[in-house]
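Have a look at the structure below, then the notes.
The values are calculated or read from the model by the stated rules, or taken from the named source; none is laboratory data. Just so it is clear, the structure is predicted and the values come from calculations on it, not from any experiment. With ideal geometry, Cβ positions are generated from the backbone for all residues, glycine too; neighbour counts draw on all protein chains shown.
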Amino acid sequence: MPMVEVAGKSFEVDEEGYLINLADWDEGIAAYLAKEEKVELTPNHWEVINFLREYYSEYQIAPAIRVLTKAIGKKLGPDKGSNKYLYELFPYGPAKQACKIAGLPKPTGCI
Amino acid sequence: MSDEMDMQEGGVVKQFMFVNRKAPYGTIYALEGLEVVLISAAFEQDVSMAFIDDGVYELKKGQDTKALGQKNFSPTYRALEGYDIEKLYVEKESMAVRGLTVEDFAVDVTVLDHAEMAAKMAEQDVLISF
């Protein structure tokens, strides 16, 4: 597995760049992963990333996109619970890109 | 295609039941079965799950897998509701011989006896067993 070094800390990623050890994650690593994905992180991005981390710690899976939009809408308001909003933040697929930056595994059933 | 099936957004909705018969750890069946169920949710079918024999242990509260060195995936059953998979049937006899009651489960379930479970299975279009 490839190793990556960020600010003196090295961590392992898989062939697609997903973090192997969830516990390695910190904001510096998130910033690195975001850069790899060419995403500039704003407070709106962090809101989704933090939501995903909470979801994972509760259910031990990364949610499918349909489940993510529904849950985000419930928690952050209906204007944010839409595919459009999430795709604006994460153009290459919110479940996939946001999960990667949040240090989660690739979502089950990610299509 | 049968005329009795509901038509929804141009697609046919079938009744899928995923039957879980194995204890959560020791084999990969329970985890694989759960993943297939989560993936199946994307296809907007009428999905239910049945828990029979040692499969009833999959839903047990308070699982601790530290000694096994495996991930505890039992919290994921609580995510099923968010995937609109709310029909979880547990066989009464399987619970009874293992000394389990509904209070032992991490999620809300419908308890069916042997005959009711058989009837529920007979209603399905597709049965997939793990």
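Going through B:Y89, B:Y83 one at a time, which residue ends up being surrounded by 15 or more Cβ atoms within 10 Å (Cβ to Cβ) and in contact with a Pro (Cβ under 9 Å, 6 or more places away or on another chain)?
From the options B:Y89, B:Y83, the qualifying one is B:Y83.
Of everything in the stretch B:35-45 that's within 11 Å of the chain's Cα centre (by Cα) and under 14 Å from B:G82 (Cα atoms), which residue is farthest from the other protein chains (Cβ to nearest Cβ)?
Among those residues, the one meeting the criterion is B:V37.
Return yes or no: is A:E47 under 24 Å from B:P75 (Cβ atoms) and not small (G, A, S)?
Yes.
Looking only at residues in the stretch A:92-107 that are in a helix (DSSP H, G or I) and at pLDDT below 90, which one is nearest to the other protein chains (Cβ to nearest Cβ)?
A:A95
Failed condition for A:E27, given (1) charged (D, E, K, R); (2) in contact with a helix residue (DSSP H, G or I) (Cβ under 6 Å, 6 or more places away or on another chain); (3) without any contact (Cβ under 8 Å) to a residue 40 or more places away in the chain, with all others met?
Of (1) charged (D, E, K, R); (2) in contact with a helix residue (DSSP H, G or I) (Cβ under 6 Å, 6 or more places away or on another chain); (3) without any contact (Cβ under 8 Å) to a residue 40 or more places away in the chain, only one is false for A:E27: (2).
Scan the stretch B:92-113 residue by residue and report those that are away from every other protein chain (no Cβ under 14 Å), farther than 22 Å from B:D46 by Cα and surrounded by fewer than 19 Cβ atoms within 10 Å (Cβ to Cβ).
B:K92, B:E93, B:A96, B:V97, B:R98, B:G99, B:L100, B:T101, B:V102, B:E103, B:D104
Quick check on the stretch B:43-80: of everything there that is hydroxyl-bearing (S, T, Y) and closer than 19 Å to B:D108 by Cα, which residue is surrounded by the most Cβ atoms within 10 Å (Cβ to Cβ)?
Checked the stretch B:43-80; the qualifying residue surrounded by the most Cβ atoms within 10 Å (Cβ to Cβ) is B:Y77.
Can you find a residue in the stretch A:68-86 that is within 10 Å of another protein chain (Cβ to nearest Cβ) and closer than 15 Å to B:A42 by Cα?
yes
Test A:Y92 against the criterion of being exposed (fewer than 13 other Cβ atoms within 10 Å of the Cβ) and either of a type outside the set (V, I, T) or in contact with a helix residue (DSSP H, G or I) (Cβ under 7 Å, 6 or more places away or on another chain) (or both), and give yes or no.
When the stated conditions are applied, A:Y92 passes them.
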